[in-house]
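Please treat every number below as a calculation from the coordinates, not as lab data. Given the structure is predicted, the values throughout are model-derived calculations rather than measurements. Backbone-built Cβ (ideal geometry, glycine too); neighbour counts: all protein chains shown.
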Amino acid sequence: MSWKQLSLEIDRLQAEQASDMLSELGAVSVSYEDAGDHPLYQIGTDDVGLWEQVRVIGLFESGIDVNAIESVLSSQLQGIRTWNWHNEQLQDQVWELVWQDHFQPMRFGQRLWVCPPEAVVSEPDSVVIRMQPGLAFGTGTHPTTALCLEWLDTRNLVGKSVIDYGCGSGILAIASALLGCDSVTAVDIDPCAVETTQENADNNSVSNAVLSCSVETMNDAQADIVIANILANPLIELRQTLTDLVADQGCLVLSGILHHQADSIIDAYQSDFRFGETNEKEGWVRLAGVKF
C-alpha cells in the first residue's frame, strides 16, 4: 500500500501549530526533523526546541488529495514564514525501515517500558511492551501517549476492565493488559488500526485479554476505565459516548489536549466527572476524572 507525505519547514516556535493542523487535516502521523544538517526521525518536543528551523512531516493515506491539504494549510498559516514545501508518494517499507532504525527502549513511570522486539530490558519488575514501528502510529514517543502510559503505570489495574477509544497501534490497550487488566477493548474507526492492534496484542501474548474492534461493532458494555487519546474537538463531540462507556465510579482518562484547550474539555465533562490535578508534558495535557 502506498502513502502520501507532505512536509514543510517552519520556525521552531510554530512547529507545534503546524503539527496540530496536519493532524486535524487527516494526517495518520506527524513527525519532526531538524531542517539543518542532523535530522532525527523519532524525537521528543524538547529536541525540537533545540532547533532553529524544523521540518514538519505529515503522513496521509494514499487517497488523500495532498495538494488540497497543502492549499488549506498554507491559508491557515498565512502570515507565518514557511518554506521548502514538498509532497511525495511513499511505500510502507520505506517508512517502517526509517522508524525501526531510530526506535530505542523507553521507560514510562517506574516499571513500564516500550521497546522494539529485539531489545533487552534488565530492570527488575519491568513490564515490557514490544512494538514494531509502523503506520498505525503509536510507540510512546509523543507526549500525549507518554502521559497516558505514565498514568497507567501508577495504577493497580489487576482485575479491571478498560476501553481504549481510538487505539491506534494498541499501545495503551496492551499496556493495560500487561499491567493486569482482565478485559481490554481497543476501538478505532480505522480498520488498519484495529488489525495492527490485534497483531501487536498477539506479539505481546495478551490477545486473550485484548479485543480490538471497530466503533460500529463494539458492544455497549461499560468499563472501569476509559482512555481516549485523541484530539480536543473529537473529545468534545464524543462526550456522551465516552461518558456512557464509563461505569459508575469509574475513571475517564483524556489526552491529545493542548494546554489552552483543557478548560473547554473540563467544561464539557464536568457534569458527570470530578477531575483531579491536570498533568502536562511539553504543552500537552492529560485529564483524569472519576464518574459520579
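Structure values in brief
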quantity	calculated
Nearest-0.05 FRET efficiency for ASP202 and ILE236, computed from C-beta distance (R0 51 Å)	0.90
Segment 54-86 residues near the modelled CYS192 label - backbone nitrogen below 16 Å, point 7 Å along Cα→Cβ	57-66
Option label - Cα Rg over 2.2 N^0.38 Å computed here, alternatives (1) 1.12; (2) 0.98; (3) 1.20	(2)
Sum of -39500 (n - 2.57) over DSSP H runs of 4+, divided by residues of the chain (222 nm, nearest 500)	-8500 deg cm²/dmol
Antiparallel bridge percentage (DSSP; both residues within the chain; nearest 5)	60 percent
Potential lengthening between SER264 and THR154 on full extension [0.36 nm per residue; Cα-Cα distance subtracted]	37.0 nm
Sites ALA247 and GLN132, calculated FRET efficiency, Cβ-Cβ separation with R0 41 Å, nearest 0.05	0.80
Rounded, prolate or oblate (a/c below 1.5 giving rounded, otherwise prolate when a/b exceeds b/c) for segment 125-256 by Cα gyration tensor	rounded
The chain: angle of helix 66-76 to the longest principal axis, Cα-based, in degrees nearest 10	90 degrees
